[in-house]
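Below is one structure, written out as structure tokens; comments come after it.
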Amino acid sequence: MDTPFKKIGSDKLLSGKIEESIELAIRKKQYKAGQKLPTEGQLCKLFAVSRTVVREALRKLSARGLVVIKQGSGAYVNELSSESAIDSINLFLELTDDGSLIFDIIRSRQLFEPEIAGQAALNRTAAELEALSENLEALKNSPDEDIEGQTVIDIHFHSLIARATHSNIVALLMRPIFDSMPKVKRTIFAKNNLDYLPHEKNVVVKFHEDIYQAIKNADPREASHAMLAHLKYTEKNFMDALK
């Protein structure tokens, strides 16, 4: 049987080595999405290891989303999608949050989004400008106390700007950061009373108007500046909420 796998010496009977070997074969497209891997018995012979070791390697690959194990059928290379990739990143962020995640999210946005806004100002289409304008109106018309609804609108605004760069990679990489925005909002508004909400909404609307206008004017420098000012204000709100 012709396979890319080689026997592992007796001093390396580790599931990790088999996991690495199978992953490498997948990365090299020697086994493609949807294709079935050799059976457990065949893998045992190819690597000269026990079924226990092979099963552990496949379990690890399955947990990482590289392989799908179908009961009674075998192991198959997973057909990865952008959604599954984002879900994996979101899960990682949740499981590794040591309490500094929100601050890291805000700082990451300050690093990326000003440049994204600048690129959007250069590349946006008329349809994308219209979508941003409609989003801005939706924010203005949202009830002052509807924090969750405003958060959804806010996420959509920043997502539209990322898409307006016309870079699929930018839009994809920013998704997990945008998905974490509700956690930031909950922290900021946890200690604020209802009287504060109209003021906060008006401030955010003004920031969004400035960003939108700069993008509409095809002014990358001003778009970047307006976005950074918006995110610096978010950081200040977050720091104040911790006091």
>> Could you check the spin-label model distance between Ser159 and Gln110? Points 7 Å from the Cα along Cα→Cβ, value in nm.
In response: 2.6
> Using 0.36 nm per residue, how much length does the chain from Glu148 to Glu235 gain when fully extended, once their Cα-Cα distance is taken away?
Replying inline: 29.4 nm
>> Using a Gaussian network model on the chain with a 10 Å cutoff between Cα atoms, which of Leu173, Leu228, Leu66 fluctuates the most?
In response: Leu66
> Taking the Cα centre of the range 83-241 as the origin and placing charges on Cβ (Lys, Arg +1; Asp, Glu -1), which of Ala120, Thr151, Ile105 is farthest toward the positive end of the dipole?
Replying inline: Ala120
> Scanning the chain for GluC sites (Glu not before Pro) in DSSP loops with at most 12 other Cβ atoms within 10 Å, what's the longest stretch left with none?
Replying inline: 146-243
> Quick one: if the Förster radius is 45 Å, what FRET efficiency do Ser100 and Lys45 give, using the C-beta to C-beta distance and rounding to 0.05?
Replying inline: 0.40
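Of Lys36/Lys60; Lys185/Lys216; Lys70/Lys183; Lys28/Lys60; Lys201/Lys243, which ones are farther than 25 Å apart at the Cα? Mind showing how you got there, number by number?
Numbers: Lys36/Lys60 17 Å; Lys185/Lys216 27 Å; Lys70/Lys183 36 Å; Lys28/Lys60 19 Å; Lys201/Lys243 21 Å.
From the list (Lys36/Lys60; Lys185/Lys216; Lys70/Lys183; Lys28/Lys60; Lys201/Lys243), the Cα-Cα distance tops 25 Å for Lys185/Lys216; Lys70/Lys183.
For the pair Lys183 and Thr52, what calculated FRET efficiency results from E = 1/(1 + (r/R0)^6), where r is the Cβ-Cβ distance and R0 = 45 Å, to the nearest 0.05? Walk me through the numbers on the way to the answer.
Working: r = 40 Å, r/R0 = 0.89.
That gives a FRET efficiency of 0.65.
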>> Helix 82-95 against the longest principal axis of the chain: what's the angle in degrees, Cα atoms only, rounded to the nearest 10?
In response: 80
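Since every read-out is calculated from the coordinates, none of them should be taken as a lab result. All of these numbers come straight from a predicted model, not from anything done at the bench. Quick reminder, even Gly has a Cβ in these numbers, built from the backbone with ideal geometry, and neighbours come from all protein chains shown.
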